[in-house]
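The values are calculated or read from the model by the stated rules, or taken from the named source; none is laboratory data. In this text the structure is predicted, and so the values were computed from the model without any measurement. Virtual Cβ from ideal backbone geometry, glycine too; neighbours counted across all protein chains shown. We work out accessible area using only protein heavy atoms, side chains counted, and drop any ligands, DNA or RNA first. Shrake-Rupley method; radii C 1.70, N 1.55, O 1.52, S 1.80 Å.
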Amino acid sequence: MNISINNLMSTKQSILKSNLNILLNHSVTKGEHCEGAWIDFFRSFLPSKYAVDKGFVFDSKGNVSEQIDIIIYDALYAPLVFGTESGEKFVTAESVYAVFESKPDINKENIEYANKKIDSVTSLYRSKRDVYVAGERKKAGELTHIIGGILAVNSSSSKSVKEYMDSNEHIDVGCAINKLSFLVKRDKDNKKINFTVSNNEEEILIAFFYIILDELYKLGTVIGMDIRNYADATLKGMKLEREEREIINND
């Protein structure tokens, strides 16, 4: 049997694009509910190590982000995930891989709005802790970058979107299913150094599919969180012991 990967991916894109167009343009689901279509999209292909939900991100100092349309977070090691009756989740800052804002259009106003939402997550305090591998203690690694993105149906021109990225440093990726997908790469000073766009109508979602998988792969796994910070913030009658010479927290 001959199987064409291109044909399989094209079929997947056609199905996803049809579903997203229906859901995102329907009068009932448009607006505040359109994130559900994108959540289904991510859940359809991401490995089981990732969970995808809407909700809020919080840290051990009592800070909480603004409401986030789509949160991709660790599903294997991250504790303290709480839910509401409306389906929103409260996720620890240390467990987050990526956050997205869902809008009908990618334009200047919505990009600035999404950038502000993403900043409410990336500015949260994140702890880190030495980990144990096969019984051996390993020094805590660096905090992983939190991917920020905007998702939509339509978009301004790729030239305009590229220009908007200069002043919206928290947005790394984006996809407008009827227009384009893009990836922004920045240096350590958070200055834009490269803007890659795919605006081939037949490849927009496929390109975004590969972008997300590649960016998540490069992040690896979120580093060990220091649960004692959350205990110290909530327990009055007990303090968890700290290991000697352990390096705590943000560089």
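Listed values, structure above:
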| item | result |
| --- | --- |
| For the chain, built as a Gaussian network whose Cα springs stay under 10 Å, the top-fluctuating residue of LYS218, LYS188, LYS128 | LYS188 |
| Cα-Cα over 31 Å, subset of LYS54/LYS192; LYS108/LYS139; LYS89/LYS116; LYS128/LYS188; LYS138/LYS188; LYS61/LYS138 | LYS108/LYS139 |
| About the Cα centre, charge dipole magnitude for the chain (Lys/Arg +1, Asp/Glu -1 at Cβ), debye | 240 |
| Calculated Cα extents along the principal axes in Å (choose from (1) 53, 43, 30; (2) 57, 46, 40; (3) 54, 35, 35), label | (2) |
| The chain: calculated mean residue ellipticity at 222 nm from DSSP helix runs of at least 4, using -39500 (n - 2.57) | -9500 deg cm²/dmol |
| Percentage relative contact order, the chain, counting C-alpha pairs under 8 Å, at least six apart | 17 |
| Among LEU8, ASN199, SER86 - extreme Cα towards positive end, dipole of the chain, charges at beta-carbon | LEU8 |
| Percent accessible area from carbon and sulfur atoms, the chain, protein chains only, probe 1.4 Å | 51 |
| Anisotropy class of the range 94-198 from Cα gyration tensor, a/c 1.5 cut | prolate |
